[in-house]
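Asker: Below is the structure I would like to discuss, written out as structure tokens.
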Amino acid sequence: MTDKLYQRDPYLREATARIVGSEDRDGHWAVRLERTIFCPEGGGQPADTGTINGLPLLALESDGDDVVHVLAGDPGGGEARLQLEFARRFDHMQQHTAQHLLSQVLVRLFAAPTLSFAIGPEHSSIEIGRPAFSEEEIRALEAECARLAFAALPVRVFATADLSSLRLRKPPKVQGRIRVVEIEGFDQSACGGTHVKNSAEIGLLKIMRAERVRANVRLYYAAGYRALRDHQLKHDLSQRLQRLVTQPLPEIPAHVEALLRERDELRRGLQKSRQREMEREAAAAAAEPGGLVVRELNDADPADLRFFAGAVMAAGKNALIFRRTPPAHVVIGRGRGDIDLRVISARLFALLNGRGGGSASLLEGRGGDFSRIAEVAERLRAELGV
Ligand SMILES: [Zn+2]
């Protein structure tokens, strides 16, 4: 059985420990120690990281009451030097203790049970047996968690087999003597993870997002340094937005909405004037001699090409309108005669090393190579008899 120092003192960053077993597993070493400061994954809390004799810890496995430390190399024998990556561990302690607090507040305010818990690299989350939370309820939840953190309640850890003396939030998963984590006077929970020693160390607990999962809600939250980093990120964003739009923060949403409306109106106006211009150009082109109008419009998008071809066709002429700059596009329209363009579609697009299709009177598609565009025009003139 490995003596789990992290259960007695989760703040222990380094220690020495006697190596009691070491086996080569296809180039990795599985190492057992007399005692350890490394907490394996469990109960929603990810595994610790760190080094043993300078070798990085690749994984931690629970084997009954033993912890197996997986290393990339042979740590040697005798006494080993253990070093914990404490910033990561302390983050786990903050997120985990925050979960205990949050789960009990959810029971007291909403009689809502916690169904599962996980600490992810970005956000921690708990699944709650309740279908929804209003914004006001989330605010109340955050305020109550803040009040309890600022009340600086001691967090105590003890072991007992006498369940009758306890008021556990939910029944323990293990039999016999259990390890209890208590936020003094507020919450008792059977748990094997690592926790801070005072609720003040949780710092701020912010609900980031509520997501519907089946009939339940998953609440994503950030506690401690994660909440600070989130605040820094959002503060930075709001400062940048304020500098961009030179408006006080509360005015920014309405200001951005007005900007977007204005942009949409300008776009519509621009589109209209482009179309009027294209109508003029198409009318002038259709007035030229010959039955086929060939035009290269490299700054027009596919919708513009279609619009131009449509205007030419409306004037009773045939159209070969294209742009060769990416995204290269071709529109072929029949404004007179009754030949079915689909019959010649494959041949025309083969000349352009492209692909396309359409209706009897309008073809459209991509072009890959426009060096034979004159040949396409000749074919069209021949087929359309113009
Ligand atoms: Zn816990």
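Asker: Pick from the stretch 203-230 the residues that are part of a helix (DSSP H, G or I) and not acidic (Asp, Glu): which of them is nearest to Ile138 (Cα to Cα)?
Answerer: Once the filter is applied, the top-ranked residue is Ala227.
Asker: Something else about it: Could you grab me the full set of residues in the stretch 32-55 that are closer than 30 Å to Glu122 by Cα and aliphatic (A, V, I, L, M)?
Answerer: Ile37, Ala47, Ile52, Leu55 - these are the residues of the stretch 32-55 that are closer than 30 Å to Glu122 by Cα and aliphatic (A, V, I, L, M).
Asker: OK, next. Is it fair to say Gly129 is surrounded by 13 or more Cβ atoms within 10 Å (Cβ to Cβ), among the small types (Gly, Ala, Ser) and more than 16 Å from the ligand (Cβ to nearest atom)?
Answerer: Numbers: surrounded by 13 or more Cβ atoms within 10 Å (Cβ to Cβ): yes; among the small types (Gly, Ala, Ser): yes; more than 16 Å from the ligand (Cβ to nearest atom): yes.
When the stated conditions are applied, Gly129 passes them.
Asker: Shifting gears a bit: With the stretch 1-77 as the region, which strands (runs of 3 or more DSSP E) entirely inside it contain at least 3 residues that are away from the ligand (no atom under 16 Å from the Cβ) and hydroxyl-bearing (Ser, Thr, Tyr)?
Answerer: On the way: elements: 14-25, 28-33, 50-52, 55-63, 66-71.
Correct list: empty, since no element meets the threshold.
Asker: Being of a type in the set (D, E, K, R) and touching a helix residue (DSSP H, G or I) at 6+ places or on another chain (Cβ under 7 Å) is true for just one of Arg366, Arg381, Arg336, Arg323. Which residue is that?
Answerer: None of the other options fit; the residue is Arg323.
Asker: Test Met278 against the stated conditions and say whether it is in contact with a Ser or Thr (Cβ under 9 Å, 6 or more places away or on another chain) and assigned to a helix (DSSP H, G or I). Talk me through it step by step, then tell me what you get.
Answerer: Working: in contact with a Ser or Thr (Cβ under 9 Å, 6 or more places away or on another chain): no; assigned to a helix (DSSP H, G or I): yes.
Spelling it out, it is not the case that Met278 is in contact with a Ser or Thr (Cβ under 9 Å, 6 or more places away or on another chain) and assigned to a helix (DSSP H, G or I).
Asker: Would you kindly identify the strands (runs of 3 or more DSSP E) lying entirely within the stretch 108-160 that contain at least 3 residues that are more than 27 Å from the chain's Cα centre (by Cα)? Please lay out each step first, then the result.
Answerer: On the way: elements: 114-119, 124-128, 155-160.
Counting at least 3 such residues, we get 155-160.
Asker: I'm checking my understanding of the structure. Among residues of the stretch 82-104 that are away from the ligand (no atom under 15 Å from the Cβ) and assigned to a helix (DSSP H, G or I), which one is farthest from the chain's Cα centre (by Cα)?
Answerer: Phe86
Asker: Taking the stretch 275-300 only, how many residues are loosely packed, with under 15 Cβ neighbours inside 10 Å and within 43 Å of the chain's Cα centre (by Cα)?
Answerer: Let us first name the residues in the stretch 275-300 that are loosely packed, with under 15 Cβ neighbours inside 10 Å, namely 276-277, 280, 283-284, 287-290, 296, 298-299.
Those still in the list that are within 43 Å of the chain's Cα centre (by Cα) too: 296, 298-299.
Residues in the stretch 275-300 being loosely packed, with under 15 Cβ neighbours inside 10 Å and within 43 Å of the chain's Cα centre (by Cα): 3 in total.
Every number here is computed from the coordinates shown, using simple stated rules; none is lab data. This structure is a prediction, so every number in the text was calculated from the model and none was measured. With ideal geometry, Cβ positions are generated from the backbone for all residues, glycine too; neighbour counts draw on all protein chains shown.
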